[in-house]
Structures are given as structure tokens and as C-alpha cells.
Amino acid sequence: MTKIIVDGTEIDVPPEYTLLQACEAAGAEIPRFCFHERLSIAGNCRMCLIEVQGMPKPQASCAMGVRDLPPNKDGTPKILHTRTPMVRKAREGVMEFLLINHPLDCPICDQGGECDLQDQAMAYGVDSSRYAENKRAVEEKYIGPLVKTIMTRCIHCTRCVRFAAEVAGVPELGAIGRGEDMEITTYLEQAMSSELQGNVVDLCPVGALTSKPYAFSARPWELNKTESIDMMDALGSAIRVDTRGREVMRILPRVNEDVNEEWISDKTRHVVDGLRAQRLDQPYLREHGRLRPATWNEAFGAIASKLKLTRPERIGAISGDLAAVEEMFALKDLVTRLGSKNLDVRQDGSVLDPALGRATYLFNATLAGVEKTDALLIVGSNPRKEAAVLNARIRKRWRAGKFPIGVIGEKADLTYPYEYLGAGPETLAEVAAGKHGFAKTLQQAERPLVLIGAGALARADGAGVASLAAKAAVALGAVKDGWNGFSVLQTAASRVGALDLGFVPGQGGLAAAAMGKAGALDVIFLLGADEVDVAPGAFVVYIGTHGDAGAHRADVILPGAAYTEKSGITVNTEGRVQISSRAGFPPGDAREDWAILRALSDVLGHKLPYDTLGALRKALFAAYPHLQRIDQIAAGDPADIKKLAGLGGAPDKAPFHSAIEDFYLTNPIARASATMAECSALAEDRTSMTAAE
């Protein structure tokens, strides 16, 4: 540690700290535009100038390290000043230069009210300008459907450029020209292709980059802000939902170092318009082949009449990818009371089984643990599509150095280099047996990570693949004392929570794919399940939010609440229990899913014993105590992975494929979004152009 004195306060700081970090550790506030904790240091804006005693000029505190300070001859600690007249004058001079060309757009700028330049101009700006020359004007750039550009406002901090190159790994933004003619743009003004591009809007300290779908929609002070959890993938990213009245206006990231740091994917951020479109706002009943609006009593009566004529073993329930734990618990409770064992959450046909132990379906290394690993094997997964924020963390670990990565499955641009080992289970068997060159790399690693994608397990031979992957993890040293590197990357937000509840077929029960076959069942409950096909013949009760595949197939539709319209518990892919908060209310007659099931149970004569969400959670926590430990991970038992490895199986030779083909259209909310549809079409065009080349 190095001793320094900041504004009269003596502190010890690590020598690798920058002066800016050292000053902030001492409680001083340092203005900045270009510096960001998660990006490389550029030293562009000079707003962070401070005075170092013994040095004649102000110093850029972001670009000078504590270890770079020349020692005092008498050995006393260096003295830094952040509030002297010299510092004040220097910062006011920098601000005056920044405002020379900046347009007076504040009244019509979307950044107004949350703009770093506004805030710092209030502190360091002066009331008049000494420059009478014309302001510089810059043409707007097209960089895609998500980010709106007003480049005349740009102050060349290059945060967006550094984010694209370093964090997203798709270096599409850059600078052209020199001096006054410098402009930030994409090559030939093409659309950005990163799944994380929306984060440049949060990074931009001025209004040069703003959200295109949100443009001119609302002001920050009009919005109610609710902290919640994302459901677009299985990471459980921390988000803030901003609403005006009943309407969700935008979704922004919150900082959570253990999950998403401060990034979110474009799907998480821009799926907002999908929450408004194609919503189910009243019950519907199918008569003579057509759906008609109905009352709740009519809908419940039709279900009760059908169930009276149905044997228990001919009833089934399938849960979807966006369901919260509470409604899945209520649905399981109701179907069990009806006497059925036909329950399943695995719409994709996955073989994950809670009976084998919790460690067999968790990302055991944890998301933050990716940064501790020293070798990675990716099996049947494309993390860039399946969990874009996790992919950025893998890239972050790769940039830190000495991180060999091997891939078994599809070839894809993952934004970091990797060694392609092969396409299918045969290659995985070679690695598990130590016959492949990359196996030695994993064996020599101290903390190797074996990442298994959901696509590798959602196959007819998925059980054999899971066992083979577990065998590889054990043989290569990924499962040992103090480290469990066997990590399953789920793609559905509800999957781990449902598996924790045991929402899978009981003894003699049918799995999701079997339930959907013709003649298998007479009545099927679909809890937001839109990714499974149900053959004609069965009576389908759909509880959901959008007019998607499940609603088109349904005989009775009961309108539910989206993830922003209810408080619900979810469990992310690493097993972290999280709770979302209600930001708004569902439209029309739609109700929270658990409340629908509670009301239906009364009509069916199997009344569920909880009338409030609190009572439901009390019953839930009594049955599954680990679900009450919010933001904690109940770790799986590594012994379960060794048991899984011993099960064996006979995987076939078919190559692995990612569980997600189109990143932007993975669930009913995303498919209802016009913004996501535009992004999907652009991505498809880009893919076809690449294929043609």
C-alpha cells in the first residue's frame, strides 16, 4: 500500500490505483467524461485534472497511477489537491472548450435530466462564452435500429468505441478524420451487430447516442422506477423498469457484480414494445372452431365441465420459459390434487432431472466464477446467443490473458478466439478419455470449466451426452475440492426454479413432448408454454400474456401477467434465488397467474390453501426452504456429478446445435416486439450476406 494525502486526508491505497481512484477512495469527487471503471483508460477529456504538489501543471488523474508519482525527497507522502483555485480554473477551462461546439439541444435532447455534461456544466460551466465562431456541425450516422445518433453533440470521449472493442468484442465503432474533423462512426455507416450495443447509450455522457425506440417518449422525472429481474434469458440480470402510469417506457441495467456487472443485452433492453403488443386482456373460449371473448365464470365453467369427464391420468400441465416459481408451485399443487403426474417444464425435450441432484443442472462455477477459471471447454452452446452478458464476461477473462478455450459444436463468432475441437459427442468422448490434445490443457489447469449448453441436452440422446459431459468434467479435474466447473448454461428463465420444485413427470407420468402427441391426454394446462406443439384432440387451457402459439392452440385462454406486472421469485442458471418487483399492472381483465390458478381451483372443487401471495410463499418456503434465501446460491453437491458420470449412455453421432437460432425472437414477448423483429431481419440479412461471400 502507498500512503498519500488527498485534501488533507491521509489514506493508504494500492500502488496500481489511478490518482482518480485514490482521490475517490479519500472521499473526493472527481468529474470525468472519458474515464469508466470497466473500460481502458483513454485520457481524452481532461476533465479530471487535479493538482499534485511539487508538479507545475495540473495532472489528468485518470491517466496517472499512484506508482507513477515521483517520490518526495524527504520521503513524506505525496499531497494531492482536488479543490484548489488552480484545479477549479483548469476544469472550467476544459468545460469551456467542450461547450464551444456543443449545440443548445437540452430542451429536446433525450439525455436531458440524466446527462453528465449538464451536471458538470452546472458545477464548472460559466455563464457566457468567449467564442463567437460558428459551431461545428456533424452529419447523423445510421448505426442500426437501436441506437439513435446526434453526432453534433459528441465530445469524443470514445467510451462507445472502447466498449464495442473491449467488452462487446465487435469493434464496429471507430473514429475517422483528425482534430476538428474527427467523427465517431461505423464502417460505411452499417448497422452494429453486437447483442450488447444498447449499452453504449448508458455509457454516452452526452446526448450523442440515445435509444432510438425510446426517442421523445418521456422525461426521466415523469417515470416511476422499479428495481426488478430480467426474464429474457437464464442469467437473471438486474434491471430497472421505468413506467409512466400503466405503461412500461424503458428498461435499464442495474449494477450487480455477481451477475451482469452493469450490462444488459439488447433483447432485455428493447423488448419493451412487446409488453404492449398482442396482449391477452380478457378470457376467451373456443366455440365452433373460433375463439370468442368470455367472462371468467364462463371460462372456468368450461374447464370444470371438461375435467369432470376426464380421468386424472389423462390430465397434464406444461410450464413455459417465463413463469415465476409461485405460479409453477400453484399449478403443480393443483394438478397433483387432480390426481395427475403429468407435469413438465422442459419444453425443449431436455433430459435434466432433479432426481439426479441439483448440481447436474446448475452453472456450478457461478457467473462471477468465470473470471477465476484458467481453461474453458464449451459443449453444444453458443454463449453469445444464449447469454450475451455471460459471453462478455468470458471475453473479459480471455482479455486478462492465458485462457485457452475449446469448442465442441457449431462454429460461430463468439467475439474471442478459440480452438475448434469437433462437432459432436465423438469429440467429447475423445476429450473425456484424454485422447485429444485439448484434454491435456484442461488437466493442467487449476480451475477448468466445462460449459454444457441446453442444446446439447435437448436431444434424444441427451441423457448420454449429459453423462459423457459429467465424465469429462470429472476426468479433466473440473470437479474437485473447492471447485466445481461442471456448468450447465440454461436458456429459460424459469427452468432452474421449476427443476427445484420438481416440476417434472412423476412415476409413470408423461414428459412435455409425449403430452403433445395425438391421443396422449384429454386436458392440458399450458402455463405460458409457447414452444411446445400440442396435436389436435386435447382440450388446451392456456394461461399466458400474448397471442402466441399457445393461445392459437388453446380452447380456453386465461389472460395472465407479464414479468413486469407481478412480483415473482426466479432462480437463475447458477442457482441464485432472485425476486422481481411489480412495476405496473396487467391490462384489462388479466390477472396474476397464481391468482388465476387459485380461483380456478375453487371452481374445480380442489381449493388451494392460500388466498394471498404471502400465504402462497409461506407454503412454498415450507416445502422448499432454500427459495427464501434471496440473492443467495444453494450450491449443488459435487458428488451428484460423479453419479451422473457413472450413468453412461450411448450418444449418437449427430453434431451439437445451439438451443437458440434467432437471438431476438426466443419468447412470446420478444416475438410481439416490432423492434426485435427489425433486429432479427437485419441479423438474417447479415447472415445471408456472409454466406454469399
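A few comments on the model shown:
- Nearby lysines by direct alpha-carbon distance to K141 (threshold 21 angstrom, same-chain neighbours under 8 apart not counted): K212
- Reach of K306 by Cα under 26 Å, taken over lysines that are not fewer than 8 positions away in the same chain: K332, K341, K517, K607
- Spin-label model, D611/E222: points 7 Å from Cα along the beta carbon direction are separated by 4.1 nm.
- Spacing of the two label points (7 Å from each Cα toward its C-beta) at L647 and E166, in nm: 4.3
- Modelled label reach - D74, point 7 Å along Cα→Cβ, region 39-68 residues with backbone N closer than 16 Å: 53-55
- Net charge, P213 excluded, C-beta distance under 12 Å - Lys, Arg +1, Asp, Glu -1: +1
- Packing, as the average of other Cβ atoms within 10 Å across residues, places the peptides 99-108, 385-394 in the order 385-394, 99-108, highest first.
- Between region 262-280 and region 68-98, the Cα center-to-center distance that results, in Å: 45
- Inter-centroid distance (Cα atoms) of region 140-188 relative to region 406-425, Å: 30
- Subtracting the Cα-Cα distance of T310 and R240 from their residue separation scaled by 0.36 nm leaves 20.7 nm.
- Note: relative contact order over region 255-402, using C-alpha pairs below 8 Å and six or more positions apart, is 20 percent.
- Shape category assigned to region 290-335 from the gyration tensor of Cα positions, a/c cut at 1.5: oblate
- For the pair D685 and A654, the difference between a 0.36 nm per residue extended length and the Cα-Cα distance amounts to 8.4 nm.
- Antiparallel beta bridges, as assigned by DSSP with both residues in the chain, represent about 55 percent of the total such bridges.
- Förster radius 41 Å - calculated FRET efficiency between D413 and L104, Cβ distance, rounded to 0.05: 0.45
- Alpha-carbon centroids, region 213-261 and region 474-546: separation in whole Å: 28
- Coarse-grained scattering of region 515-663 at q = 0.09 Å⁻¹, given as base-10 log I(q)/I(0) from a Debye sum over alpha-carbon atoms: -0.44
- Separation in nanometres of the label points that stand 7 Å from Cα toward Cβ, at K618 and A123: 4.9
- Cα gyration tensor shape for region 595-681, rounded if a/c is under 1.5, else prolate or oblate: oblate
- Other residues lying with their Cβ under 9 Å from the Cβ of G568 contribute a combined charge of -2, Lys and Arg counting +1, Asp and Glu -1.
- Fully extending the segment from H552 to E180 would add 128.2 nm, taking 0.36 nm per residue of separation and subtracting the current Cα-Cα distance.
- If R0 is taken as 60 Å, the Cβ-Cβ distance between A368 and Y131 corresponds to a FRET efficiency of 0.80.
- Accessible area per residue, Å², the chain with all protein chains present, probe 1.4 Å: 41
- Efficiency of FRET from Cβ geometry, R38 and K3, R₀ 25 Å, rounded to 0.05: 0.35
- Where a label projected 7 Å from the Cα of E287 along Cα→Cβ would reach, residues of region 527-555 with amide N under 16 Å: 555
- Sulfur and carbon atoms: percent of accessible area, the chain [1.4 Å]: 51
- Global form of region 1-63, assessed from the alpha-carbon gyration tensor, a/c cut-off 1.5: oblate
The values are calculated or read from the model by the stated rules, or taken from the named source; none is laboratory data. Since we're looking at a predicted model, the values are computed, not measured. Don't worry about glycine lacking a Cβ; one is built from the backbone with ideal geometry, like all the others, and counts go over all protein chains shown. With ligands, DNA and RNA removed, areas are computed over all heavy atoms of the protein, side chains included. Shrake-Rupley method; radii C 1.70, N 1.55, O 1.52, S 1.80 Å.
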